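A short write-up of the structure that comes next.
The values are calculated or read from the model by the stated rules, or taken from the named source; none is laboratory data. Note that the structure is a prediction, hence the values are computed from the model and not measured. Note that each Cβ is placed from the backbone with ideal geometry, even for glycine, and that neighbours are counted across all protein chains shown.
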Amino acid sequence: MKKLWILTVALMLSGVVSANDKCPVSGQAAKADVFVFEKVNTCCKNCQASLAKKLKISADPGKCPVSGQPAKAEQFLIQGNKVVNFCCGNCRKKFAESKKLNQKLSLGKTTKCPLSGNAGKEDVFLIKKVNFCCNNCKGKYAKDKGLTVAYNLPVKAKAKPQPKPVKKAAPKTKLVCPFSGKPAVEGQWILSENKKVGFCCGNCKKNYTIQKENRLSDAQKKGGWAVLFNGKNLEGFQKPTRDGKWSVQDGRLVGTAGKGVIATKGKYKNFELTLDVKIQDTGDKRGNSGIFIRSKALDGLRGRWPDGLEVQVDNGDPNFWTGAIWKTKAAKKVATKDGEWLSMKIQAIDSLIRVWVNGKVVTTHLDGSDPVEGPISLQVHHDTDVVEFKNIKVRQLSGA
(Lines give C-alpha, C1' and ligand atoms only; values in the text may rest on other atoms or scores of the structure.)
Protein backbone atom coordinates (compact mmCIF):
# COMPACT_ATOMS: atom_id res chain seq x y z
CA MET A 1 0.00 0.00 0.00
CA LYS A 2 2.88 2.36 0.84
CA LYS A 3 4.61 1.60 -2.48
CA LEU A 4 1.39 2.35 -4.40
CA TRP A 5 1.04 5.74 -2.64
CA ILE A 6 4.66 6.70 -3.52
CA LEU A 7 4.03 5.82 -7.20
CA THR A 8 0.85 7.90 -7.23
CA VAL A 9 2.65 10.96 -5.84
CA ALA A 10 5.39 10.61 -8.46
CA LEU A 11 2.79 10.39 -11.22
CA MET A 12 0.96 13.43 -9.82
CA LEU A 13 4.10 15.53 -9.99
CA SER A 14 4.76 14.60 -13.58
CA GLY A 15 1.15 14.95 -14.67
CA VAL A 16 0.86 11.39 -15.99
CA VAL A 17 -2.06 10.09 -13.95
CA SER A 18 -4.97 9.42 -16.29
CA ALA A 19 -7.99 11.54 -15.53
CA ASN A 20 -10.37 8.95 -16.89
CA ASP A 21 -10.77 5.19 -17.10
CA LYS A 22 -13.43 5.30 -19.80
CA CYS A 23 -13.32 6.93 -23.23
CA PRO A 24 -15.29 10.23 -23.11
CA VAL A 25 -16.54 9.64 -26.65
CA SER A 26 -17.55 5.95 -26.77
CA GLY A 27 -17.80 5.09 -23.06
CA GLN A 28 -15.49 2.10 -23.67
CA ALA A 29 -12.45 1.33 -21.55
CA ALA A 30 -9.74 3.91 -22.23
CA LYS A 31 -6.20 2.96 -23.26
CA ALA A 32 -3.20 4.52 -21.55
CA ASP A 33 -1.29 5.07 -24.81
CA VAL A 34 -4.14 6.83 -26.67
CA PHE A 35 -4.46 10.32 -25.19
CA VAL A 36 -4.42 14.08 -25.63
CA PHE A 37 -3.70 16.89 -23.20
CA GLU A 38 -6.40 19.40 -22.38
CA LYS A 39 -6.34 22.63 -20.37
CA VAL A 40 -8.85 23.12 -17.53
CA ASN A 41 -9.28 26.67 -16.20
CA THR A 42 -10.44 27.55 -12.72
CA CYS A 43 -11.77 30.78 -11.24
CA CYS A 44 -9.15 30.98 -8.46
CA LYS A 45 -6.11 29.33 -6.92
CA ASN A 46 -8.24 27.58 -4.27
CA CYS A 47 -10.36 25.85 -6.93
CA GLN A 48 -7.18 25.05 -8.83
CA ALA A 49 -5.71 23.30 -5.77
CA SER A 50 -8.96 21.44 -5.04
CA LEU A 51 -9.28 20.31 -8.68
CA ALA A 52 -5.63 19.21 -8.79
CA LYS A 53 -6.23 17.05 -5.72
CA LYS A 54 -9.41 15.62 -7.22
CA LEU A 55 -7.79 14.85 -10.61
CA LYS A 56 -4.56 13.77 -8.96
CA ILE A 57 -2.59 16.35 -10.99
CA SER A 58 0.22 18.44 -9.50
CA ALA A 59 -0.48 22.20 -9.61
CA ASP A 60 3.21 22.92 -8.95
CA PRO A 61 5.11 23.54 -12.24
CA GLY A 62 8.35 22.51 -10.54
CA LYS A 63 11.77 23.65 -11.77
CA CYS A 64 12.95 24.48 -15.26
CA PRO A 65 14.95 21.53 -16.69
CA VAL A 66 17.23 23.96 -18.54
CA SER A 67 18.10 26.67 -15.98
CA GLY A 68 17.08 24.97 -12.72
CA GLN A 69 15.02 28.05 -11.78
CA PRO A 70 11.38 27.86 -10.62
CA ALA A 71 9.19 27.11 -13.65
CA LYS A 72 6.05 28.96 -14.74
CA ALA A 73 2.77 27.18 -15.52
CA GLU A 74 2.21 29.11 -18.79
CA GLN A 75 5.66 28.09 -20.18
CA PHE A 76 5.15 24.43 -21.01
CA LEU A 77 5.72 21.69 -23.60
CA ILE A 78 4.41 18.16 -23.97
CA GLN A 79 7.13 15.52 -23.96
CA GLY A 80 5.92 11.97 -24.37
CA ASN A 81 3.09 11.56 -21.84
CA LYS A 82 3.98 14.39 -19.49
CA VAL A 83 3.92 18.17 -19.19
CA VAL A 84 7.29 19.95 -18.84
CA ASN A 85 7.37 23.54 -17.51
CA PHE A 86 10.07 26.21 -17.96
CA CYS A 87 11.13 29.47 -16.36
CA CYS A 88 11.01 31.45 -19.61
CA GLY A 89 10.35 31.32 -23.34
CA ASN A 90 14.04 31.06 -24.21
CA CYS A 91 14.51 27.91 -22.16
CA ARG A 92 11.30 26.49 -23.63
CA LYS A 93 12.52 27.16 -27.19
CA LYS A 94 15.98 25.73 -26.51
CA PHE A 95 14.52 22.56 -24.97
CA ALA A 96 11.99 22.15 -27.83
CA GLU A 97 14.68 22.44 -30.49
CA SER A 98 16.97 19.96 -28.76
CA LYS A 99 14.18 17.39 -28.26
CA LYS A 100 12.38 18.09 -31.58
CA LEU A 101 9.15 19.05 -29.77
CA ASN A 102 6.21 20.95 -31.24
CA GLN A 103 6.17 24.51 -29.86
CA LYS A 104 2.79 25.42 -31.36
CA LEU A 105 0.37 23.86 -28.91
CA SER A 106 -3.36 24.34 -28.55
CA LEU A 107 -4.90 22.82 -25.42
CA GLY A 108 -8.40 24.26 -25.84
CA LYS A 109 -10.21 27.49 -25.07
CA THR A 110 -10.63 29.05 -21.63
CA THR A 111 -13.30 27.06 -19.81
CA LYS A 112 -15.62 27.70 -16.88
CA CYS A 113 -14.40 26.60 -13.48
CA PRO A 114 -15.65 22.98 -13.07
CA LEU A 115 -15.99 23.47 -9.30
CA SER A 116 -17.66 26.87 -8.89
CA GLY A 117 -19.24 27.24 -12.33
CA ASN A 118 -17.79 30.73 -12.59
CA ALA A 119 -15.76 31.96 -15.57
CA GLY A 120 -12.31 30.47 -15.52
CA LYS A 121 -9.22 32.69 -15.52
CA GLU A 122 -6.88 32.31 -18.47
CA ASP A 123 -3.72 32.21 -16.31
CA VAL A 124 -5.15 29.83 -13.66
CA PHE A 125 -5.36 26.31 -15.09
CA LEU A 126 -4.36 22.70 -14.92
CA ILE A 127 -3.37 20.43 -17.76
CA LYS A 128 -5.03 17.04 -17.66
CA LYS A 129 -4.50 14.00 -19.81
CA VAL A 130 -7.57 12.52 -21.47
CA ASN A 131 -7.44 8.86 -22.57
CA PHE A 132 -9.50 7.20 -25.34
CA CYS A 133 -10.38 3.75 -26.51
CA CYS A 134 -9.08 4.37 -30.05
CA ASN A 135 -7.51 6.96 -32.35
CA ASN A 136 -10.84 7.69 -34.05
CA CYS A 137 -12.36 8.87 -30.77
CA LYS A 138 -9.20 10.76 -29.96
CA GLY A 139 -9.32 12.58 -33.32
CA LYS A 140 -13.01 13.45 -32.99
CA TYR A 141 -12.59 14.78 -29.44
CA ALA A 142 -9.49 16.82 -30.37
CA LYS A 143 -11.25 18.35 -33.36
CA ASP A 144 -14.30 19.37 -31.30
CA LYS A 145 -12.15 20.91 -28.57
CA GLY A 146 -9.47 22.42 -30.83
CA LEU A 147 -6.65 20.41 -29.27
CA THR A 148 -3.17 19.66 -30.60
CA VAL A 149 -2.52 15.94 -31.03
CA ALA A 150 1.03 15.99 -32.45
CA TYR A 151 3.49 16.87 -29.71
CA ASN A 152 6.70 15.80 -31.43
CA LEU A 153 8.02 17.23 -34.69
CA PRO A 154 8.10 14.72 -37.56
CA VAL A 155 11.52 13.44 -38.50
CA LYS A 156 12.29 14.49 -42.03
CA ALA A 157 13.58 11.66 -44.13
CA LYS A 158 16.62 12.50 -46.19
CA ALA A 159 15.62 12.95 -49.78
CA LYS A 160 17.30 10.52 -52.10
CA PRO A 161 19.29 12.29 -54.79
CA GLN A 162 17.38 12.09 -58.03
CA PRO A 163 19.32 11.32 -61.16
CA LYS A 164 19.52 14.25 -63.52
CA PRO A 165 17.27 13.81 -66.54
CA VAL A 166 19.20 13.09 -69.66
CA LYS A 167 18.27 15.52 -72.39
CA LYS A 168 17.74 13.78 -75.66
CA ALA A 169 19.39 15.56 -78.51
CA ALA A 170 16.93 16.79 -81.08
CA PRO A 171 17.21 14.86 -84.32
CA LYS A 172 19.34 16.75 -86.79
CA THR A 173 17.55 17.90 -89.91
CA LYS A 174 19.41 16.85 -93.00
CA LEU A 175 20.22 19.91 -95.06
CA VAL A 176 20.48 19.76 -98.83
CA CYS A 177 22.50 22.16 -100.95
CA PRO A 178 20.06 24.36 -102.95
CA PHE A 179 22.46 24.41 -105.93
CA SER A 180 23.69 20.83 -106.34
CA GLY A 181 21.00 18.92 -104.44
CA LYS A 182 23.77 17.09 -102.55
CA PRO A 183 23.80 16.66 -98.75
CA ALA A 184 25.20 19.70 -96.94
CA VAL A 185 28.66 19.50 -95.38
CA GLU A 186 29.17 20.20 -91.67
CA GLY A 187 30.02 23.87 -91.14
CA GLN A 188 28.90 24.99 -94.60
CA TRP A 189 25.67 26.84 -93.82
CA ILE A 190 24.19 30.31 -93.26
CA LEU A 191 21.02 31.72 -91.70
CA SER A 192 18.62 33.14 -94.27
CA GLU A 193 15.34 34.67 -93.01
CA ASN A 194 15.79 32.74 -89.72
CA LYS A 195 16.20 29.46 -91.62
CA LYS A 196 19.35 27.36 -91.79
CA VAL A 197 20.56 26.83 -95.36
CA GLY A 198 23.31 24.26 -95.92
CA PHE A 199 25.72 23.74 -98.80
CA CYS A 200 27.84 20.93 -100.24
CA CYS A 201 30.92 23.15 -100.66
CA GLY A 202 32.35 26.63 -100.12
CA ASN A 203 31.69 27.73 -103.70
CA CYS A 204 27.96 27.03 -103.43
CA LYS A 205 27.88 28.88 -100.11
CA LYS A 206 29.65 31.87 -101.70
CA ASN A 207 27.32 31.92 -104.71
CA TYR A 208 24.24 31.70 -102.50
CA THR A 209 25.48 34.59 -100.34
CA ILE A 210 26.15 36.69 -103.46
CA GLN A 211 22.77 35.95 -104.97
CA LYS A 212 20.88 36.39 -101.69
CA GLU A 213 20.71 40.15 -102.28
CA ASN A 214 19.13 39.54 -105.68
CA ARG A 215 16.28 37.35 -104.39
CA LEU A 216 12.90 38.23 -102.97
CA SER A 217 12.00 37.75 -99.32
CA ASP A 218 8.69 36.10 -98.41
CA ALA A 219 7.26 39.52 -97.53
CA GLN A 220 8.32 40.96 -100.89
CA LYS A 221 6.75 38.04 -102.74
CA LYS A 222 3.46 38.72 -100.99
CA GLY A 223 3.81 42.43 -101.75
CA GLY A 224 3.95 41.87 -105.52
CA TRP A 225 7.66 42.60 -106.01
CA ALA A 226 9.74 41.19 -108.89
CA VAL A 227 13.51 40.84 -109.33
CA LEU A 228 14.97 42.79 -112.27
CA PHE A 229 18.53 41.42 -111.89
CA ASN A 230 19.05 37.78 -110.85
CA GLY A 231 22.73 38.15 -109.92
CA LYS A 232 23.81 35.49 -112.46
CA ASN A 233 23.29 36.87 -115.98
CA LEU A 234 21.65 39.63 -118.02
CA GLU A 235 18.36 37.79 -118.39
CA GLY A 236 15.51 40.34 -118.27
CA PHE A 237 17.55 43.10 -119.94
CA GLN A 238 17.67 44.28 -123.56
CA LYS A 239 20.90 44.20 -125.51
CA PRO A 240 23.07 47.08 -124.21
CA THR A 241 23.63 50.13 -126.40
CA ARG A 242 26.82 50.09 -128.48
CA ASP A 243 28.92 52.23 -126.13
CA GLY A 244 29.67 50.93 -122.65
CA LYS A 245 30.21 47.36 -121.48
CA TRP A 246 27.99 45.49 -119.02
CA SER A 247 28.90 42.30 -117.18
CA VAL A 248 27.97 40.26 -114.09
CA GLN A 249 30.66 40.03 -111.40
CA ASP A 250 30.07 38.32 -108.02
CA GLY A 251 26.33 38.97 -108.12
CA ARG A 252 26.69 42.61 -109.26
CA LEU A 253 25.71 44.27 -112.54
CA VAL A 254 28.81 46.24 -113.59
CA GLY A 255 29.02 48.97 -116.26
CA THR A 256 32.36 50.25 -117.67
CA ALA A 257 34.13 51.64 -120.76
CA GLY A 258 32.15 54.56 -122.10
CA LYS A 259 28.75 56.11 -122.53
CA GLY A 260 25.95 53.58 -122.54
CA VAL A 261 22.84 52.18 -120.88
CA ILE A 262 21.29 48.80 -120.30
CA ALA A 263 17.50 48.70 -120.24
CA THR A 264 14.89 46.26 -118.94
CA LYS A 265 12.76 44.25 -121.31
CA GLY A 266 9.73 45.10 -119.21
CA LYS A 267 8.03 48.48 -119.40
CA TYR A 268 6.77 50.44 -116.42
CA LYS A 269 4.58 53.51 -115.96
CA ASN A 270 3.36 53.51 -112.36
CA PHE A 271 5.85 51.59 -110.24
CA GLU A 272 8.20 51.46 -107.25
CA LEU A 273 11.88 50.62 -107.84
CA THR A 274 14.54 49.82 -105.23
CA LEU A 275 18.24 49.16 -105.81
CA ASP A 276 21.75 49.51 -104.38
CA VAL A 277 24.35 51.37 -106.43
CA LYS A 278 28.06 52.22 -106.14
CA ILE A 279 29.95 54.62 -108.43
CA GLN A 280 33.65 55.38 -108.76
CA ASP A 281 36.17 56.55 -111.36
CA THR A 282 39.46 54.92 -112.35
CA GLY A 283 40.88 58.18 -113.75
CA ASP A 284 40.87 61.74 -112.49
CA LYS A 285 37.11 62.28 -112.76
CA ARG A 286 34.28 61.47 -110.37
CA GLY A 287 31.85 58.57 -110.70
CA ASN A 288 28.64 59.32 -112.57
CA SER A 289 25.54 57.30 -113.33
CA GLY A 290 21.80 57.62 -113.61
CA ILE A 291 18.50 55.73 -113.76
CA PHE A 292 16.23 56.57 -116.72
CA ILE A 293 12.50 55.98 -116.27
CA ARG A 294 9.54 56.17 -118.67
CA SER A 295 11.85 56.15 -121.70
CA LYS A 296 10.97 55.31 -125.28
CA ALA A 297 12.53 52.40 -127.17
CA LEU A 298 16.33 52.37 -127.31
CA ASP A 299 16.64 51.39 -130.97
CA GLY A 300 19.25 53.48 -132.79
CA LEU A 301 20.86 54.96 -129.66
CA ARG A 302 24.61 55.38 -130.24
CA GLY A 303 26.31 57.35 -127.52
CA ARG A 304 23.12 59.23 -126.78
CA TRP A 305 20.93 59.00 -123.70
CA PRO A 306 17.32 57.82 -123.66
CA ASP A 307 14.55 60.37 -123.47
CA GLY A 308 12.36 60.45 -120.35
CA LEU A 309 13.43 61.37 -116.83
CA GLU A 310 16.91 60.63 -115.43
CA VAL A 311 17.30 60.19 -111.66
CA GLN A 312 20.84 61.33 -111.01
CA VAL A 313 23.58 59.27 -109.28
CA ASP A 314 26.42 61.75 -108.81
CA ASN A 315 28.10 62.48 -105.49
CA GLY A 316 29.88 65.62 -106.73
CA ASP A 317 27.51 67.63 -108.92
CA PRO A 318 26.77 70.85 -106.99
CA ASN A 319 23.48 71.42 -108.81
CA PHE A 320 22.08 67.93 -109.29
CA TRP A 321 23.31 65.73 -106.44
CA THR A 322 22.42 62.07 -106.13
CA GLY A 323 18.63 61.71 -106.12
CA ALA A 324 17.97 64.79 -108.26
CA ILE A 325 16.09 64.66 -111.58
CA TRP A 326 18.66 65.79 -114.11
CA LYS A 327 18.13 69.37 -115.35
CA THR A 328 14.62 69.33 -113.83
CA LYS A 329 14.59 69.11 -110.02
CA ALA A 330 17.40 69.48 -107.48
CA ALA A 331 17.61 67.12 -104.53
CA LYS A 332 18.14 67.60 -100.81
CA LYS A 333 21.74 66.63 -100.25
CA VAL A 334 22.33 63.39 -98.33
CA ALA A 335 25.89 62.43 -97.43
CA THR A 336 27.06 59.97 -100.10
CA LYS A 337 30.53 59.09 -101.27
CA ASP A 338 32.19 57.52 -104.30
CA GLY A 339 33.30 53.93 -103.69
CA GLU A 340 30.55 53.28 -101.14
CA TRP A 341 27.21 51.54 -101.63
CA LEU A 342 24.03 53.60 -101.28
CA SER A 343 20.39 52.56 -101.50
CA MET A 344 17.78 54.28 -103.67
CA LYS A 345 14.02 54.07 -104.10
CA ILE A 346 12.06 55.67 -106.93
CA GLN A 347 8.27 55.87 -106.86
CA ALA A 348 6.30 57.02 -109.92
CA ILE A 349 2.51 57.39 -109.71
CA ASP A 350 0.98 59.35 -112.59
CA SER A 351 2.66 62.78 -112.54
CA LEU A 352 4.14 62.41 -109.02
CA ILE A 353 7.78 61.31 -108.83
CA ARG A 354 9.48 60.76 -105.46
CA VAL A 355 13.07 59.67 -104.75
CA TRP A 356 14.65 58.28 -101.56
CA VAL A 357 18.40 58.03 -100.88
CA ASN A 358 19.55 55.91 -97.95
CA GLY A 359 15.99 55.93 -96.58
CA LYS A 360 15.44 59.71 -96.78
CA VAL A 361 13.12 61.50 -99.21
CA VAL A 362 15.32 63.86 -101.26
CA THR A 363 13.13 64.73 -104.25
CA THR A 364 9.40 65.26 -104.84
CA HIS A 365 8.49 66.33 -108.38
CA LEU A 366 5.27 66.82 -110.34
CA ASP A 367 5.95 65.99 -113.98
CA GLY A 368 4.04 68.22 -116.40
CA SER A 369 4.30 65.84 -119.36
CA ASP A 370 1.96 62.93 -119.96
CA PRO A 371 3.40 59.82 -118.27
CA VAL A 372 4.39 57.09 -120.73
CA GLU A 373 5.16 53.45 -120.22
CA GLY A 374 8.79 52.58 -120.85
CA PRO A 375 11.80 50.51 -119.76
CA ILE A 376 14.04 51.29 -116.79
CA SER A 377 17.59 52.03 -118.00
CA LEU A 378 20.84 52.06 -116.01
CA GLN A 379 23.68 54.34 -117.11
CA VAL A 380 27.47 54.21 -117.30
CA HIS A 381 28.61 57.78 -118.05
CA HIS A 382 32.20 57.86 -119.37
CA ASP A 383 35.30 55.83 -120.25
CA THR A 384 36.88 55.70 -116.78
CA ASP A 385 33.54 55.35 -115.01
CA VAL A 386 32.75 52.15 -113.06
CA VAL A 387 29.15 51.68 -111.87
CA GLU A 388 27.76 48.71 -109.95
CA PHE A 389 24.15 47.74 -109.24
CA LYS A 390 22.60 44.98 -107.12
CA ASN A 391 19.39 44.16 -105.28
CA ILE A 392 17.30 45.64 -108.14
CA LYS A 393 13.59 45.02 -107.51
CA VAL A 394 10.38 46.55 -108.83
CA ARG A 395 6.63 46.34 -108.34
CA GLN A 396 3.83 47.71 -110.47
CA LEU A 397 1.49 50.29 -108.89
CA SER A 398 -1.95 51.47 -109.96
CA GLY A 399 -2.48 55.09 -110.91
CA ALA A 400 -5.31 57.42 -110.02
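How many residues does region 93-111 contain that are on the phi < 0 side of the Ramachandran plot and more than 50 Å from the chain's Cα centre (by Cα)?
To start, the set of residues in region 93-111 that are on the phi < 0 side of the Ramachandran plot comprises 93-99, 101-107, 109-111.
Pick out the ones that are also more than 50 Å from the chain's Cα centre (by Cα) and you get 107, 109-111.
Counting residues in region 93-111 that are on the phi < 0 side of the Ramachandran plot and more than 50 Å from the chain's Cα centre (by Cα) gives 4.
For the condition among the hydroxyl-bearing types (Ser, Thr, Tyr), assigned by TED's automatic domain parsing to the domain that holds residue 376, over 45 Å from the mean Cα position of the chain (by Cα) and farther than 24 Å from residue 327 by Cβ, what is the one hit in 241, 256, 264? Before you say what the answer is, go through the steps one by one.
On the way: 241 fails: farther than 24 Å from residue 327 by Cβ; 264 fails: farther than 24 Å from residue 327 by Cβ.
After ruling out the rest, the residue left standing is 256.
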Discussion item. What's the total number of residues in region 196-213 that are surrounded by fewer than 20 Cβ atoms within 10 Å (Cβ to Cβ) and assigned to a loop (DSSP other than H, G, I, E, B)?
Written reply: 3
Discussion item. Return the residues of region 84-113 that are in contact with a helix residue (DSSP H, G or I) (Cβ under 8 Å, 6 or more places away or on another chain) and either in a strand (DSSP E or B) or not assigned by TED's automatic domain parsing to the domain that holds residue 50 (or both); say none if nothing qualifies.
Written reply: 84, 86, 101
Fill in: Matching residues, region 216-253, being more than 22 Å from residue 387 (Cα to Cα) and loosely packed, with under 13 Cβ neighbours inside 10 Å
218, 219, 221, 222, 223, 224
Discussion item. Which condition from (1) touching a Ser or Thr at 6+ places or on another chain (Cβ under 6 Å); (2) at pLDDT below 85; (3) more than 30 Å from residue 139 (Cβ to Cβ) is the one that residue 43 breaks?
Written reply: (2)
Practice prompt. Within region 267-299, track down each residue that is over 51 Å from the mean Cα position of the chain (by Cα) and of a type in the set (Gly, Ala, Ser).
Written response: 283, 295, 297
Item to complete: Collect the residues in region 52-66 that are assigned to a loop (DSSP other than H, G, I, E, B), within 18 Å of residue 129 (Cα to Cα) and free of Cβ contacts under 8 Å to residues at least 40 places away in the same chain, keeping them in residue-number order.
Response: 61
Worksheet entry | Residues of region 246-258 classified as farther than 12 Å from residue 235 by Cα and either touching a strand residue (DSSP E or B) at 6+ places or on another chain (Cβ under 7 Å) or small (Gly, Ala, Ser) (or both), total | 8
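Could you check region 51-72 and list, in sequence order, the residues that are of a type outside the set (D, E, K, R) and out of contact with any Phe, Trp or Tyr (no Cβ under 7 Å at 6 or more places or on another chain)?
Step one: filter region 51-72 for residues of a type outside the set (D, E, K, R), giving 51-52, 55, 57-59, 61-62, 64-71.
Result: 51, 52, 55, 57, 58, 59, 61, 62, 67, 68, 69, 70.
Take region 1-24 and flag every residue that is part of a loop (DSSP other than H, G, I, E, B), at pLDDT below 85 and either within 60 Å of the chain's Cα centre (by Cα) or of a type outside the set (A, V, I, L, M, F, W, C) (or both).
Of the residues in region 1-24, the ones part of a loop (DSSP other than H, G, I, E, B) are 1, 15-21, 23-24.
In the following step, the residues that additionally are at pLDDT below 85 were identified as 1, 15-20.
Residues satisfying the conditions are 15, 18, 20.
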Discussion item. It is to be established whether one or more residues within region 324-334 are assigned by TED's automatic domain parsing to the domain that holds residue 275, at pLDDT 90 or above and under 40 Å from the mean Cα position of the chain (by Cα).
Written reply: yes
Practice prompt. May I ask you to list pairs of residues, at least six apart or on different chains, whose Cβ atoms are under 7 Å apart, with the first in region 196-219 being under 17 Å from residue 176 (Cα atoms) and the second being part of a helix (DSSP H, G or I) and not hydroxyl-bearing (Ser, Thr, Tyr)?
Written response: 199/205
Worksheet item: Taking into account only those residues within region 219-244 that are charged (D, E, K, R) and assigned to a loop (DSSP other than H, G, I, E, B), which is farthest from residue 374 (Cα to Cα)?
Response: 232
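With the requirement that a residue be of a type in the set (A, V, I, L, M, F, W, C) and closer than 23 Å to residue 249 by Cβ, what does region 198-225 give you?
Passing the criteria: 199, 201, 204, 210, 216.
Take residues that are aliphatic (A, V, I, L, M) and tell me which of the strands (runs of 3 or more DSSP E) falling wholly in region 324-400 contain 3 or more. Show your work before the answer.
Details: elements: 342-349, 352-357, 360-366, 377-380, 385-396.
Qualifying strands (runs of 3 or more DSSP E): 342-349, 352-357, 360-366, 385-396.
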Practice prompt. Would you mention how many residues in region 363-391 are surrounded by 22 or more Cβ atoms within 10 Å (Cβ to Cβ) and hydrophobic (A, V, I, L, M, F, W, C)?
Written response: 5
Item to complete: Please go through region 114-161 and pick out each residue that is of a type in the set (A, V, I, L, M) and either modelled with pLDDT of 85 or more or assigned to a loop (DSSP other than H, G, I, E, B) (or both).
Response: 115, 119, 124, 127, 130, 149, 150, 153, 155, 157, 159
Worksheet item: Restricting the first residue to region 375-397 and requiring it to be within 18 Å of residue 270 (Cα to Cα), which pairs with a second residue that is part of a loop (DSSP other than H, G, I, E, B) and of a type in the set (D, E, K, R) meet a Cβ separation below 6 Å and a spacing of at least six or different chains?
Response: 375/267
